[in-house]
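The values are calculated or read from the model by the stated rules, or taken from the named source; none is laboratory data. Predicted model only: the values in this text are computed from it and were never measured. Cβ atoms come from the backbone with ideal geometry, glycine included; neighbour counts cover every protein chain shown. For the accessible areas, the whole protein counts, side chains as well, though only heavy atoms, and no ligand, DNA or RNA atoms are used. Shrake-Rupley method; radii C 1.70, N 1.55, O 1.52, S 1.80 Å.
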Amino acid sequence: RTVGEAVRRAPAGATIVVRPGVYREPTVVVDRPVTIVGDRLPVLDGEGQREIMRVTADDVTVRGLRFRNVGASFTEDRAAIRLSDVHDCAVEGNRVDDGFFGIYLARVSRCRVVGNVLRAAQTSESLSGNGIHLWYSSDVTITDNRVSGHRDGIYFEFVRDGDVRRNTSEGNLRYGLHFMYSDGCRYVENIFRRNGSGVAVMYTKDVEMTGNDFDANWGAAAYGLLLKEIT
């Protein structure tokens, strides 16, 4: 009857198909290696009160779900989907509407974030989180996503060997892409449009920046591309 119940009953390696509908339930904790697939984009609704899904197991795939209404918080970084201390994960083809943080990866490795659409409509940096947020992670691929209306569209902090390709990050309050302390990463053929600033790369070495478009980024700082203390 609920996604959480399906996960609790599923053996390792199972595929869980979520049927069409709207699911309002406590935070779904995915604590075993499963594939969760949505049938015709079912909705998981946080009702403006909670994080929606938390992945704590390796080898998890989440595909074809719509997450909405996470709800802002001044005390916690709530996310539509959070993946923590895992490897070999995939978040593919999902939609996130009005997430505080959208897809949040902390201490992950060998993960893929591909083909997701994340939309928010925040007007204040203090009341908004980042669309795709990575912290202390390595070997992560961020490809073919569309991110708008967040604080930073894509955010890297202490990331190694990250690959950011063919994403569109537009209409975000601060940066389309924000790098800090993230060595050996690449961002290639992305579009950064109508953000406060296009891209900031700070305190970082060995970054490849190739074939990107920086269009109409006109915030308070109005940078297309800002490089600070990089090597």
Can you confirm whether D152 is closer than 18 Å to V201 by Cα, among the acidic types (D, E) and open to solvent by 40 Å² or more (accessible area, probe 1.4 Å)? no
Please enumerate the residues belonging to region 61-78 that are more than 20 Å from Y23 (Cα to Cα) and out of contact with any helix residue (DSSP H, G or I) (no Cβ under 9 Å at 6 or more places or on another chain). S73, T75, E76, D77
Considering region 14-31 alone, what residues qualify as being free of Cβ contacts under 8 Å to residues at least 24 places away in the same chain and out of contact with any strand residue (DSSP E or B) (no Cβ under 6 Å at 6 or more places or on another chain)? A14, R19, P20, G21, E25
Filter region 134-168 for residues that are more than 19 Å from R110 (Cβ to Cβ), assigned to a strand (DSSP E or B) and out of contact with any Leu (no Cβ under 6 Å at 6 or more places or on another chain) and give the result. R146, S148, Y155, T168
Flagged in region 127-147 as on the phi < 0 side of the Ramachandran plot, free of Cβ contacts under 8 Å to residues at least 40 places away in the same chain and either open to solvent by 10 Å² or more (accessible area, probe 1.4 Å) or in contact with a helix residue (DSSP H, G or I) (Cβ under 7 Å, 6 or more places away or on another chain) (or both), in numbering order, are W135, S138, T141, T143, R146
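How many residues, within region 106-116, are open to solvent by 10 Å² or more (accessible area, probe 1.4 Å) and part of a strand (DSSP E or B)? Working first, answer last.
Of all residues in region 106-116, those open to solvent by 10 Å² or more (accessible area, probe 1.4 Å) come to 107, 109-110, 112, 114-115.
Filter again for part of a strand (DSSP E or B), leaving 109-110, 112, 114.
Of the residues in region 106-116, 4 are open to solvent by 10 Å² or more (accessible area, probe 1.4 Å) and part of a strand (DSSP E or B).
Give the residue that is most open to solvent (accessible area, probe 1.4 Å), with candidates limited to residues of region 196-216 that are in a loop (DSSP other than H, G, I, E, B) and at pLDDT below 95.
If we take residues in region 196-216 being in a loop (DSSP other than H, G, I, E, B) and at pLDDT below 95, then A216 is most open to solvent (accessible area, probe 1.4 Å).
Determine whether L226 is modelled with pLDDT under 95, open to solvent by 30 Å² or more (accessible area, probe 1.4 Å) and either closer than 26 Å to C89 by Cα or assigned to a strand (DSSP E or B) (or both). Steps first, please.
Values: modelled with pLDDT under 95: yes; open to solvent by 30 Å² or more (accessible area, probe 1.4 Å): yes; either closer than 26 Å to C89 by Cα or assigned to a strand (DSSP E or B) (or both): yes.
When the stated conditions are applied, L226 passes them.
Within region 38-49, track down each residue that is surrounded by fewer than 17 Cβ atoms within 10 Å (Cβ to Cβ) and either polar (S, T, N, Q) or under 19 Å from the mean Cα position of the chain (by Cα) (or both).
At the first step, the residues of region 38-49 found to be surrounded by fewer than 17 Cβ atoms within 10 Å (Cβ to Cβ) are 39-41, 47-49.
Scanning region 38-49 gives L41, G48, Q49.
Filter region 175-195 down to residues that are assigned to a loop (DSSP other than H, G, I, E, B) and over 16 Å from the mean Cα position of the chain (by Cα), then give me how many there are. Even if it seems obvious, please write down each step before you answer.
Of all residues in region 175-195, those assigned to a loop (DSSP other than H, G, I, E, B) come to 181-185, 189-190, 194-195.
Cutting the leftovers down to over 16 Å from the mean Cα position of the chain (by Cα) gives us 181-185, 189, 194-195.
Residues flagged as assigned to a loop (DSSP other than H, G, I, E, B) and over 16 Å from the mean Cα position of the chain (by Cα) within region 175-195 amount to 8.
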Note on region 10-20: residues surrounded by 11 or more Cβ atoms within 10 Å (Cβ to Cβ) and assigned to a loop (DSSP other than H, G, I, E, B) are A10, A14
Counted residues in region 72-105 being under 11 Å from the mean Cα position of the chain (by Cα) and either over 17 Å from T61 (Cβ atoms) or outside any loop (DSSP other than H, G, I, E, B) (or both) come to 16
